[in-house]
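Report on the structure given below.
The values are calculated or read from the model by the stated rules, or taken from the named source; none is laboratory data. Quantities reported herein were computed from a predicted structural model and do not represent experimental measurements. Neighbour counts run over all protein chains shown; Cβ positions are idealised from the backbone, glycine included. Only protein heavy atoms, including side chains, enter the accessible area calculation; ligands, DNA and RNA are left aside. Shrake-Rupley method; radii C 1.70, N 1.55, O 1.52, S 1.80 Å.
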Amino acid sequence: MPKTGSTSLQQALLNGAADLRRVGVLYPNIGNFEGQAAHHRYFLGLLDDDHHRFLRTPFTKPRPDFDTEHSALLAAVDASHCNTILLSSEILWNPRAFDSAVLHRIKSTFSDYEVLITAGLRTIPSHSLSGYAQRIQGPQRYCGTFADHIRENTDDQVWDYVQRLYSFAAVFGPEAIFPFWYEDVRQNLFVPFA
C-alpha cells in the first residue's frame with residue numbers, strides 16, 4: 001500500500017542489495033523505472049488496457065512487455081544463486097487494476113516459488129492526508145480538492161483493507177499474507193521482516 005514507508009524501505013533494500021545477496025536474498029535492480037527502487041515496471045507489464053485504466057498515477061507509455069521483464073528477472077535470479085527474491089510495488093494494492101485475474105497470473109508466474117505478501121497499512125486519516133500531499137506536490141500535480149481525493153480513494157477501494165487482504169488470501173492462501181500497521185513500525189520499517 002502506498003504511503004506506508006514503502007519508498008524508504010525499497011530504497012534501503014536496493015542500497016543494501018549486495019549485503020542481501022551475501023545472505024541469499026535478491027532485491028533485483030530490474031523491473032523498475034530509472035531512478036526508482038520499486039518494481040512497478042515489472043508488474044505494470046501484467047496489465048492489459050482494461051486493467052491499466054484504473055491506475056491514477058501516470059506511468060510511461062507504452063507499458064512494459066511482461067515477457068521481457070520476466071526474462072530479465074529470471075536471468076538475474078539465476079545469476080544471483082539466491083534462494084529468496086524480494087519484489088516490491090505499491091501498485092499491487094489497487095484492487096481494480098490488480099484484480100483476482102491478475103493476482104492469479106502473478107501466482108502462476110511464480111508457481112515454482114513460495115510467495116509471501118507483506119502489506120503495510122496506515123490509519124485512514126493519516127493515509128488520506130499524506131496521500132493528498134503527495135498527489136498535489138508529486139509528478140501528478142493533482143488539482144483536485146481534498147474532498148475529490150477522498151472520493152477517488154473511496155471509489156478506488158484504497159481503504160477497503162479487509163476486502164483487499166481477503167482478495168490476496170483467496171489467491172495466495174491466508175498463510176501467505178502478513179499485514180502490519182505503518183504507525184507501529186515507522187521508526188524501524190524492517191521490524192515486520194525480522
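Things to note:
- Note on the range 132-194: dipole from Cβ charges, positive end direction compared against ALA170, GLN187, PRO139; the farthest Cα belongs to PRO139.
- Taking Cα atoms only, the orientation of helix 146-155 departs from the longest principal axis of the chain by about 50 degrees.
- Put a plus charge on the Cβ of each Lys and Arg, a minus charge on the Cβ of each Asp and Glu, and nothing anywhere else: the dipole of the chain about its Cα centre is then about 460 debye.
- Check: the range 131-175 dipole with +1 on Lys, Arg Cβ and -1 on Asp, Glu Cβ, in debye: 200 debye
- Charge tally in the Cβ shell below 15 Å around GLY173, where Lys, Arg are +1 and Asp, Glu are -1, GLY173 excluded: -1
- Shape call, the range 35-119: gyration tensor on alpha carbons, a/c limit 1.5: prolate
- Listed residue (LEU92, SER111, ALA72) projecting farthest to the positive dipole end of the range 49-126, Cβ model: LEU92
- Report note on the peptides 114-123, 144-153: ranked by the mean count of other C-beta atoms within 10 Å, highest first, their order is 114-123, 144-153.
- Amide H contacts of TRP181 (H built 1.01 Å from N, under 5 Å, at least 5 apart or other chain): LEU121
- Rounded percent of accessible protein surface that carbon and sulfur make up, the chain, 1.4 Å probe: 53 percent
- The residues packed around PRO125, meaning those with a beta-carbon under 14 Å from its beta-carbon, carry a net charge of +1 if Lys and Arg are +1 and Asp and Glu are -1.
- In the full protein context, the range 87-140 carries 50 Å² of accessible surface per residue, based on a 1.4 Å probe and ignoring ligands, DNA and RNA.
- Nonlocal amide H pairs with LEU26, under 5 Å, H built at 1.01 Å: THR84, ILE85, LEU86
- Against the chain, whose longest principal axis is taken from its Cα atoms, helix 100-109 shows a tilt of about 20°.
- For the chain, calculated [θ]222 nm from helices alone, where every DSSP H run of n ≥ 4 adds -39500 (n - 2.57): -13000 deg cm²/dmol
- Positive dipole terminus of the range 14-60, leading residue within HIS52, VAL25, HIS40 (C-beta point charges): VAL25
- Here the range 55-143 is treated with +1 on each Lys and Arg Cβ and -1 on each Asp and Glu Cβ, and its dipole about the Cα centre works out to around 640 debye.
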